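What follows is a set of notes on a single structure, which appears directly below.
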Ligand SMILES: C[S@@+](CC[C@H](N)C(=O)[O-])C[C@H]1O[C@@H](n2cnc3c(N)ncnc32)[C@H](O)[C@@H]1O
């Protein structure tokens, strides 16, 4: 199946106070979208949310689902900035859910819920999912040749939850190339095994195959340089709080995240990884 609940807790429930030190103030834990290069991280994250909002053709009356909603950053953006009256999210992280509940935003409803077994009695006008698909197929499953069928099952589920004609706005981190030297390969394996156990970044070709027959791709936008810049700013933020993190959370956590974020910057620099935003129209034939 997908990353297990305990894997997700390892990746996202370290401590909200820890992530708060180096993510932007709205806690987006995915690539921002730099359009001019002059934006700060908060603005670039809002631009990412705006792109996906517009891809989703979301209006204040849309009922919206965010699959893998993290700390609720996209949900908060659409209800506070775009006037959406009801927005739902699912996550598998207890810490993220507690964070969202503490905001007391009545327009937002969230569940600690595995999307793979989510069968609500209602349909959505729009669905958004921002870098959750990297938890759908494990490295072991990919080696068994199951990647495309698992990604297709994720799109099949999204199709089933969406009203006819609706849009699924999907952002995904991508695997593009494999590095050539041992140190880089070890750093990537460390990131996969220790920071995101059970996760695996899809290839763009796999996603393009997997959306069929459920969705038509209406727009496709890649943003490798934006992710490089986002991860560099996260890494700078982590390093700026080094003493506090070492004291509060321990040396090992600091060193693990220092290695992981440094690896991310190289991933995007060296074209090992990229990021894609897809506007997917539900097929109804
Ligand atoms: C990289 S985070 C992205 C969070 C958020 N979308 C953002 O932009 O900040 C991935 C999210 O997917 C969630 N997730 C992973 N597997 C899931 C599953 N099977 N069901 C529901 N949520 C899942 C995690 O709990 C986490 O919130």
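Readers should treat all values here as calculations from the given coordinates under stated rules, not as data from a laboratory. All of these numbers come straight from a predicted model, not from anything done at the bench. Cβ placement follows ideal geometry from the backbone for every residue including glycine, while neighbour counts extend to all protein chains displayed.
Rounded to two decimals, the Cα radius of gyration of segment 5-69 over 2.2 N^0.38 Å is 1.32. Residues 27, 132, 209, arranged from fewest to most other Cβ atoms within 10 angstrom of their Cβ, appear as 209, 27, 132.
Fewest-first ordering of 174, 63, 253 by other beta carbons within 10 Å of each residue's beta carbon gives 253, 63, 174. Subtracting the Cα-Cα distance of residue 208 and residue 194 from their residue separation scaled by 0.36 nm leaves 2.2 nm. Net length available on complete extension from residue 259 to residue 242 is 4.8 nm, with 0.36 nm assigned per residue and the Cα-Cα distance removed. Among 82, 180, 228, the largest mean-square fluctuation in a Gaussian network model of the chain, built with springs joining Cα atoms closer than 10 Å, belongs to 180. Working note: Cα gyration tensor of segment 53-126, eigenvalues times five, square-rooted, sorted largest first, giving semi-axes of 18, 15, 10 Å. When the chain is treated as a Gaussian network with alpha carbon springs shorter than 10 Å, the biggest mean-square fluctuation among 71, 272, 122 belongs to 122. Averaging over all projection directions, the Cα-based convex hull of segment 5-282 occupies 13.9 nm² in the image plane.
Here r is the Cβ-Cβ distance between residue 143 and residue 271 and R0 is 30 Å; the resulting FRET efficiency, rounded to 0.05, is 0.85. With helices as the sole contributors, the chain gives -13500 deg cm²/dmol at 222 nm; each DSSP H run of n ≥ 4 counts as -39500 (n - 2.57), and the sum is divided by every residue. Based on Cα contacts under 8 Å between residues 6+ apart, the chain shows a relative contact order of 23 percent.
Using a simple spin-label model with pseudo-atoms 7 Å out from Cα toward Cβ, residue 160 and residue 119 lie 0.7 nm apart. Over the C-alpha atoms of segment 179-285, the Rg to Rh ratio, Rh being the Kirkwood estimate, stands at 1.08.
Taking the centroid of alpha carbons for each part, segment 21-50 and segment 74-122 are 20 Å apart.
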